[in-house]
1. I'm a student and want to see the number: the projected area of the Cα convex hull of segment 17-59, averaged over all directions, in nm².
2. Using per-residue counts of other Cβ atoms within 10 Å, averaged over each peptide, order 18-30, 34-46 from highest down.
Amino acid sequence: MAKREDKGGTFEFSATLGASQVADYLVRIADGLRRGVIGFTAGERGVRLEPTAMLAFEIEAEGKPEKSAGSIAMELSWKPEYASAAEALEITVDPRDEGGRQSAGASAPQ
């Protein structure tokens, strides 16, 4: 049976995965954002999204070092009328390592 991939609708997926696999998914999402098309499928469910060039981006991070726990929640949304007025976000790989700091959009050291 072929997978169903709708252009509209809702798609949800939840799993416990290794950090490397989650990072791979995030890279694929980033690639899809750059290309303007992202498809999500799992089993017989699927959705195809065509994000615009301008996106609303929200991120929430919470750390609970006493429990060795934390979370990161991200939301991306788009509408044709979104404008480009936002402050810069800095994302660090390891805040203890000054060399690990990169602003969003900066290329990785080679």
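None of the figures in this text is laboratory data; all of them are computed from the coordinates on show. Since the structure is predicted, the reported quantities are computational estimates derived from the model, not experimental observations. Positions of Cβ are backbone-derived with ideal geometry, glycine not excepted, and every protein chain shown enters the neighbour counts.
1. That works out to 3.8 nm², a quarter of the Cα hull's surface.
2. The most tightly packed comes first, giving 34-46, 18-30.
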